[in-house]
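Here's the structure we're looking at; comments come further down.
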Amino acid sequence: MEDLSVGETTCDAKKKTWDVLGRDGGFHVLELPQKKGPADRTLWAGEVKAFARRIEELTGRTLTPEKLAGAVRLMNRKRRALARMHEWRKADAPPISGTDALVIMQAALIDDPARFTGRLESLNKELAVRAAAGTAALPGARKRIMVSGCPSVLGNWKLHYLLETAGVTVVLDESCTGTRYFRGEVEEMAAADPQASPGAPAAVERQLEAVAARYMGIDCSCFSPNTERTDNILRLAGEYRAEGVVQYILHACHTFNIEAITVADALKSAGIPSIRIETDYSEEDIGQLRIRLEAFLESLEFRNGA
């Protein structure tokens with residue numbers, strides 16, 4: 001049995017679930033603010049520091065500037081490797097499929113960071129060779145689709161499978177198993193320069209503030225207002241030349257579901273077709289989803305005069 005479970009307050013359903021699971025005291029909840037003003041950033045930095053203290057008490061070990069700086073460098077290296085993999089998806093004929101890229105992102109959430117990063121860097125070298133040779137993971141002329149919204153945890157690649165077996169390529173995931181996971185790094189100078197705040201405790205405090213600052217840069221739908229997310233979606237759709245966007249919404253994820261209205265309006269204004277798919281982890285609705293997605297993809301063909 002685990003010694004400690006950790007949750008956060010990105011939605012009301014999670015928040016109340018942690019109340020149930022944490023009745024024995026073996027649960028730590030990080031309070032995530034809903035805005036990004038100065039007071040919200042101060043609150044979040046305090047939550048990160050409190051979590052660090054909880055881990056120190058649990059393990060009986062003290063955080064040091066050197067070890068925390070090393071961890072920051074490793075995680076930034078991991079983010080850069082993931083960003084590099086996604087660069088290959090911008091190619092006319094991406095050397096990696098959207099489904100395979102999703103599985104790699106899912107593994108990134110649970111695998112040992114050092115082992116994962118080393119393997120991914122090796123894969124990036126292989127992808128470079130494939131790209132230079134013009135070897136496509138999914139041959140043939142294919143529409144370029146971006147998936148936007150909720151994350152897909154390990155074992156859930158239903159949507160990507162349906163899209164790519166219907167003859168398109170998923171070129172990007174704007175989600176927490178996509179760009180939100182690796183976009184933005186922790187400031188390494190803040191983490192590695194204890195001279196700016198003499199003394200180990202002060203240096204660690206400054207490092208933790210740098211960690212907290214990076215995560216406040218995420219454009220999760222739990223934040224309001226969240227215009228930076230729509231701005232990022234439009235920018236990414238342009239960079240990856242997406243011809244259509246599928247908004248992926250998990251049942252009961254109300255923040256993404258409501259924000260989908262704003263996203264759809266922004267995409268429409270930019271001339272990018274989109275569809276909203278609300279589903280869950282089961283396979284019971286695969287037939288219905290296939291019909292809706294194929295109809296959407298046919299509309300893209302007619303739109304382009306094909």
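The values are calculated or read from the model by the stated rules, or taken from the named source; none is laboratory data. Not measured: the values here are computed from a predicted model. Cβ placement follows ideal geometry from the backbone for every residue including glycine, while neighbour counts extend to all protein chains displayed.
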Given (1) outside the structural domain of M146 (by TED's automatic domain parsing); (2) surrounded by fewer than 18 Cβ atoms within 10 Å (Cβ to Cβ); (3) at pLDDT 95 or above, number of the condition E205 does not satisfy:
(3)
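Return the only residue of V48, V20 being at pLDDT below 95, among the β-branched types (V, I, T), part of a helix (DSSP H, G or I) and not assigned by TED's automatic domain parsing to the domain that holds T227.
Result of the check over V48, V20: V20.
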Among K36, K15, which is modelled with pLDDT of 95 or more and either in contact with a His (Cβ under 6 Å, 6 or more places away or on another chain) or among the basic types (K, R) (or both)?
K36
Just to be sure I understand the filter: pairs with C-beta atoms under 8 Å, separated by 6 or more residues or on different chains, first member in segment 111-123 and among the hydroxyl-bearing types (S, T, Y), second member surrounded by 11 or more Cβ atoms within 10 Å (Cβ to Cβ). Which pairs pass?
T117/L74; T117/R77; T117/K78; T117/A81
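Yes/no per residue for (1) modelled with pLDDT under 95; (2) assigned by TED's automatic domain parsing to the domain that holds L63; (3) in contact with an Asp or Glu (Cβ under 9 Å, 6 or more places away or on another chain); (4) of a type outside the set (V, I, T):
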site	(1), (2), (3), (4)
N226	no, no, yes, yes
Y240	no, no, no, yes
V246	no, no, no, no
T262	no, no, no, no
A270	no, no, no, yes
I275	no, no, no, no
T279	no, no, yes, no
I286	no, no, no, no
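Suppose we filter segment 1-12 for residues that are at pLDDT 90 or above and over 22 Å from L250 (Cβ atoms); how many remain?
Initial filter on segment 1-12 (at pLDDT 90 or above): 4-10.
Checking which are over 22 Å from L250 (Cβ atoms) leaves us with 4.
The qualifying residues number 1.
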For segment 198-251, give me the residue count where each residue is farther than 30 Å from R144 by Cβ and either free of Cβ contacts under 8 Å to residues at least 24 places away in the same chain or of a type in the set (A, V, I, L, M, F, W, C) (or both).
14
